[in-house]
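What follows is a set of notes on a single structure, which appears directly below.
What follows draws every value from the coordinates through simple rules; no lab data is involved. Quick caveat, the model's predicted, so the values are computed rather than measured. Using ideal geometry, Cβ is built from the backbone for each residue, glycine included, and neighbour counts are taken over all protein chains shown.
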Amino acid sequence: MERLLNFIYEYRAFFTFLFLELVCVWLVIENNQYQSTKYFNSSNRVAAQLLGFSQGVREYFSLRAINEDLARENAELRTDLARTRIQLSESVTDTTRINQFDFVSAKVMANSTSLYKNYITINKGVVDGLAPGMAVIGDAGAVGKVKSVSSRYAVLISLLNVDEQVSGMIKRTNHFGTVRWDGADMRYTTLQFIPRHARPVVGDSVVTSGYNAVFPEGIMVGIIREAALKPEAPFWDIRVELSQDFGRLVFVEVIKSKLKNEKDSLEHLTIGEPK
């Protein structure tokens, strides 16, 4: 305290000058309309800029919570949409079939795109009802399937994995085949086993077929960019641009199918173990 008092005393002339300058400025503003208007306009502009900056900082730090709320709402809307689609397209009244799909929102914690076998880690697990084999979608289309789970995390096998296969269908013609990545480009995959009598064209949409009870029917996979048929070849060579940009995944939705186990058990009893 003594040092502060000594400092003020030593520079008393400067502080007196500064005080008088402030008094002069105040008197000029109070007694002159032009200067008063300029001062208040400038001070209001500076105050508005400071308030805008402060609000921007608050909004930035609240983006995480906002994104999580939006992802959760999106999962609820997808659940309602899937129920409505089943009810309208299949004309069923069985509530179990109508409500066979539930969507669980999850945040991506790790994601690889540059390997031949890429995986994604999310922050939901067994406590959230997740299990291996469940399908996963993003905001623009199919992403992959759940590979393994722990209590609060799950690892997904991405569509950008040469070991992953999904039943896909050309939306315009309803011809179905297998979507499988060739490991070449993270933006493109292939649609295999489309018979030669089919007529795929560039620009056709490829969606999930719904045949494996994992993905609901009609989930977007991508757009056909190349379609070629070699002489005497039984199937088309089709290159599909993926609708989902895997390099920008932030939130995904895991699809819980309540009828998958029943379907798989029946097929196992009837057909036998897949080879």
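Of all residue pairs spaced 6 or more apart or on separate chains, those with beta-carbon atoms under 8 Å, a first member in the stretch 100-117 that is basic (Lys, Arg) and a second member that is not in a strand (DSSP E or B) are LYS107/GLU68; LYS107/ALA71; LYS107/ASN123; LYS107/VAL250; LYS117/VAL162; LYS117/ASP163.
Kindly indicate whether ALA140 is in contact with a Ser or Thr (Cβ under 6 Å, 6 or more places away or on another chain), without any contact (Cβ under 8 Å) to a residue 12 or more places away in the chain, on the phi < 0 side of the Ramachandran plot and small (Gly, Ala, Ser). When the stated conditions are applied, ALA140 does not pass them.
Kindly indicate whether ALA110 is exposed (fewer than 14 other Cβ atoms within 10 Å of the Cβ), small (Gly, Ala, Ser), on the phi < 0 side of the Ramachandran plot and not in a loop (DSSP other than H, G, I, E, B). Yes; evaluated as a whole, the condition is true for this residue.
Here VAL179 passes the criteria (1) under 14 Å from GLU241 (Cβ atoms); (2) surrounded by 16 or more Cβ atoms within 10 Å (Cβ to Cβ); (3) without any contact (Cβ under 8 Å) to a residue 24 or more places away in the chain except the one numbered (3).
Those strands (runs of 3 or more DSSP E) of the stretch 117-157 in which 3 or more residues are over 13 Å from the mean Cα position of the chain (by Cα) and under 18 Å from GLY168 (Cβ atoms) are absent.
Against the conditions (1) of a type outside the set (Lys, Arg); (2) in contact (Cβ under 8 Å) with a residue 12 or more places away in the chain; (3) within 26 Å of GLU267 (Cβ to Cβ), ASN174 satisfies every one except (2). Taken as a whole, the stretch 218-225 holds at least one residue that is touching a strand residue (DSSP E or B) at 6+ places or on another chain (Cβ under 9 Å), in contact (Cβ under 8 Å) with a residue 60 or more places away in the chain, surrounded by fewer than 19 Cβ atoms within 10 Å (Cβ to Cβ) and closer than 22 Å to ALA106 by Cβ.
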